[in-house]
Amino acid sequence: MSIVTDIESLALRPDSSVAVLTGAGISAESGIHTFRDAGGIWEQYDLEEVATEPGFLQDPVRAWKLYSKLRAHASACKPNAAHTALATLEERLEERGRFTLITQNVDGLHQKAGSRNVIPIHGSLFMSRCSNHECPAAGAPFEDETDYGDHSPECPRCGRPLRPHVVWFGEYLDPALEQASRDAVLDCDVFIAVGTSGVVYPAAGYVFAASSVGARTVLVNLDPPENLSRFNEFHPGKAAEILPTLLDFPG
Ligand code: BV8
């Protein structure tokens, strides 16, 4: 693994097949908290209480206080140069290349930046669904931008609590999204991870899959993550400062 401190283009070809994985770090420069950095969300909240189904069901208002706050804050945030650089790369690869953006983020900033082939593997802050697995509305997530403040909304069909349509710890990812992510990673010749601590699976394992098919594995991250050794090259620093040059096409 090489540490690359000069910011220069990866010299991607127009027919490259690129799979990108992003985490909370790519949204940091848009003003969105990360999870595990100093002052991060998991320093302020007990993950078991607000990001697991049992924790939610024990006290839905407690979890909704966090998710309503995250929803309201994220809706006012704007994409930064890193999000935009990925949307531009996708356009440039459109003719002859392939591009897939797998994101762990639920803030919607990639979509706001114009990225189209986005796989939101951990769901979306701006969707809700019924928490009752027996209720038909549990399988019908809907757009929801409401800030519920200090209360927990109820399902109009069964009266049980609505929940954010995000993937909590101990919950399976949507099988179709997981499969699409794996397909993209196993089909790429360049895998780029941006702004993720490499702690949460299955996303943290995608670099192994990319390496297994001989892809060039590139990491752009402020700090060295847990799975650093799995990457061919590590570009330390801020995504918004590095990506625009890194993803630029030469000539
Ligand atoms: C699953 C909710 C199968 C949505 C999140 C025991 C029991 C049950 C499960 C497990 C278990 N042991 C392990 C597991 C699997 C578990 C897991 O991986 N746990 C970890 C903690 C060990 N995974 C799961 O449960 C997943 N499901 O495996 O299903 C299963 C089912 C049952 C039983 C077993 C297996 C579900 C995972 C999804 C969890 N949901 N959040 C939300 O509110 O967002 S996870 C949370 O972490 C977010 O989704 C977030 O996206 C994700 C990853 O975090 P990062 O994005 O990497 O953010 P982080 O703050 O950590 O790092 C930021 C990085 O950016 C840093 O490195 C920093 O240096 C860098 N950075 C900062 N600023 C910048 C920057 N980089 C560049 N530029 C900058 N400016």
> What's the center-to-center distance, using Cα atoms, between the stretch 5-20 and the stretch 43-87 in Å?
Replying inline: 31
>> I need the calculated FRET efficiency for the pair Ile7 and Phe142, taking r as the beta carbon distance and R₀ as 45 Å, to the nearest 0.05.
In response: 0.60
> Which chymotrypsin sites (Phe, Trp or Tyr not before Pro) in the stretch 92-172 pass both tests, a DSSP loop state and at most 13 other beta-carbon atoms within 10 Å?
Replying inline: Phe169, Tyr172
>> Suppose R0 equals 30 Å. What FRET efficiency, 1/(1 + (r/R0)^6) with r the Cβ-Cβ distance, do Lys69 and Asp15 give to the nearest 0.05?
In response: 0.10
> In deg cm²/dmol and to the nearest 500, what is the mean residue ellipticity at 222 nm of the chain if only DSSP H runs of at least 4 residues count, each as -39500 (n - 2.57), divided by the residue total?
Replying inline: -8000 deg cm²/dmol
> Rounded, prolate or oblate: which fits the stretch 176-251 when a ≥ b ≥ c are the square roots of the eigenvalues of the alpha-carbon gyration tensor, with rounded for a/c under 1.5 and prolate only if a/b beats b/c?
Replying inline: oblate
> What longest range of the chain stays clear of loop-exposed trypsin sites (Lys or Arg not before Pro) (DSSP non-H/G/I/E/B, at most 13 other C-beta within 10 angstrom)?
Replying inline: 1-95
> Where nothing but the Cβ of Lys and Arg (+1) and of Asp and Glu (-1) is charged, how large is the charge dipole of the stretch 15-74 around its Cα centre, in debye to the nearest 20?
Replying inline: 260
> So, with +1 on the Cβ of K and R and -1 on the Cβ of D and E, and no other charges, what is the size of the charge dipole of the chain about its Cα centre, to the nearest 20 debye?
Replying inline: 240
> Antiparallel DSSP bridges in the stretch 46-172: what percent, to the nearest 5?
Replying inline: 70
>> To test your reading of the geometry: what angle, between 0 and 90 degrees and rounded to tens, separates the Cα axis of helix 81-93 from the longest principal axis of the chain?
In response: 60
> In percent, what relative contact order does the chain have, based on Cα pairs under 8 Å that are 6 or more apart in sequence?
Replying inline: 29
> So in the stretch 121-251, what percent of DSSP beta bridges are antiparallel if you round to the nearest 5?
Replying inline: 45
>> At 0.36 nm per residue, and after removing the present C-alpha to C-alpha distance, how many nm does the segment from Leu222 to Thr245 gain when stretched out fully?
In response: 6.7 nm
>> Please report the antiparallel percentage of the DSSP beta bridges confined to the chain, to the nearest 5.
In response: 20
> Can you tell which of Ala137, Ile102, Ala51 lies farthest toward the positive end of the dipole of the chain, using +1 and -1 charges on the Cβ of basic and acidic side chains (Lys, Arg; Asp, Glu)?
Replying inline: Ala137
> For the chain, the longest stretch holding no GluC sites (Glu not before Pro) located in a DSSP loop with at most 15 other Cβ atoms within 10 Å is which?
Replying inline: 9-93
>> Given the options His33, Met127, Leu86, identify the residue whose Cα lies farthest towards the positive end of the charge dipole of the chain (+1 on Cβ of Lys, Arg; -1 on Cβ of Asp, Glu).
In response: Met127
> About its Cα centre, how strong a charge dipole does the stretch 161-245 have in debye, to the nearest 20, once Lys and Arg get +1 and Asp and Glu get -1 at the Cβ?
Replying inline: 100
>> With equal scatterers on the alpha carbons only and no solvent term, can you work out the Debye log10 of I(q)/I(0) for the chain at 0.13, 0.15, 0.16 1/Å?
In response: -0.80, -1.04, -1.16
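The numbers here are math on the coordinates, done by the rules we state, and not lab data. None of these values were measured; they are calculated from a predicted model. When we count neighbours, we look across all protein chains shown, and the Cβ atoms used for this are built from the backbone with ideal geometry, even at glycine.
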